[in-house]
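First the structure, in the form of structure tokens, and then the observations on it.
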Amino acid sequence: MLKEMKLQMFAETLPENTTTPEMNWETMAYINTEPTGDTATWADLGNLTKNMAQSLNEVLYQATYWKDKGWGSTEVTGAQMTLTLTGDVKPGDAACEYLLGEDVLYGIGNARKTHLKLQKGTKIIIWPVTLANITPAYGDSGTVNALTVTIHGNGKPSVQEESAGA
């Protein structure tokens, strides 16, 4: 007669997996290549972008009040978002061609104004922006032509949720 045996001598307790951090590539960035048109023509910045760094450049008001006996307080009274993109020049890419086109690269004033769209999941931020410091780097003959642009927000952005089925 066969004896029934417990083959698993110890109870398995699975450890919890770590939480996956947010991946930078999950945020998509687009530039409006037709800023004077009635509707936006969005070009994906992802083909040329290797690094994206955002700063809110906050304006601070700092004061010390008598009741606090010399200890200070700070209020954030304003901000301006800047987004610095670094990547590579990609001939034929719509976003790259727009940024390096003569009208934008060598233009000033309205020639540098357009819109930026950032999207992660269903959240969409659309910002009127000014393009600054557009720099094709050139450099060493054995490397690719790098590109840097700083995008300055103009005023408050529009924050939206993408509707289902859009």
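Data table
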{"quantity": "Test: residue in segment 78-95 that is part of a helix (DSSP H, G or I) and more than 16 Å from the chain's Cα centre (by Cα)", "calculated": "yes"}
{"quantity": "All positions within segment 96-114 that are of a type in the set (Asp, Glu) and within 22 Å of the chain's Cα centre (by Cα)", "calculated": "Glu97"}
{"quantity": "Tabulated pairs, segment 142-166, first closer than 23 Å to Ala79 by Cα and of a type in the set (Ser, Thr, Tyr), second assigned to a loop (DSSP other than H, G, I, E, B) and at pLDDT below 90, C-beta under 8 angstrom, 6+ apart or interchain", "calculated": "Thr148/Ala137"}
{"quantity": "Every pair of residues 6+ apart whose Cβ atoms lie under 7 Å, when the first sits in segment 20-45 and is closer than 25 Å to Pro91 by Cβ while the second is small (Gly, Ala, Ser) and assigned to a strand (DSSP E or B)", "calculated": "Tyr30/Ala43; Ile31/Ala43; Thr33/Ala43; Leu45/Ala29"}
{"quantity": "Single residue of segment 126-166 satisfying the filter (part of a loop (DSSP other than H, G, I, E, B) and among the aliphatic types (A, V, I, L, M)) that is surrounded by the most Cβ atoms within 10 Å (Cβ to Cβ)", "calculated": "Ala137"}
{"quantity": "Residues (modelled with pLDDT of 95 or more, charged (D, E, K, R) and more than 28 Å from Gln160 (Cα to Cα)) located in segment 98-143", "calculated": "Glu102, Asp103"}
{"quantity": "Complete set of residues in segment 20-71 that are surrounded by fewer than 16 Cβ atoms within 10 Å (Cβ to Cβ) and within 15 Å of Leu131 (Cβ to Cβ)", "calculated": "Glu34, Thr36"}
{"quantity": "Number of positions in segment 53-82 that are at pLDDT 95 or above, in contact with a Ser or Thr (Cβ under 9 Å, 6 or more places away or on another chain) and among the aliphatic types (A, V, I, L, M)", "calculated": "3"}
{"quantity": "Residue match in segment 103-120 (condition: touching a helix residue (DSSP H, G or I) at 6+ places or on another chain (Cβ under 8 Å), among the acidic types (Asp, Glu) and either assigned to a loop (DSSP other than H, G, I, E, B) or more than 17 Å from Asn154 (Cβ to Cβ) (or both))", "calculated": "yes"}
{"quantity": "Selection within segment 83-121 - touching a Leu at 6+ places or on another chain (Cβ under 8 Å), β-branched (Val, Ile, Thr) and surrounded by fewer than 19 Cβ atoms within 10 Å (Cβ to Cβ)", "calculated": "Thr86, Val89"}
{"quantity": "Checking Leu45 against (1) under 14 Å from the mean Cα position of the chain (by Cα); (2) at pLDDT below 95, the condition it does not meet", "calculated": "(2)"}
{"quantity": "Identity of the residue in segment 44-77, among the aliphatic types (A, V, I, L, M) and part of a strand (DSSP E or B), that ends up farthest from Ile125 (Cα to Cα)", "calculated": "Ala63"}
{"quantity": "Residues satisfying the stated conditions in segment 102-141, i.e. under 29 Å from Glu22 (Cα atoms) and either free of Cβ contacts under 8 Å to residues at least 12 places away in the same chain or aliphatic (A, V, I, L, M) (or both)", "calculated": "Leu116, Leu118, Ile124, Ile125, Ile126, Val129, Leu131, Ala132, Ile134"}
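The values are calculated or read from the model by the stated rules, or taken from the named source; none is laboratory data. Remember, it's a predicted structure, so these values are computed and weren't measured experimentally. Positions of Cβ are generated from backbone atoms using ideal geometry, with glycine treated the same way; all protein chains shown enter the neighbour counts.
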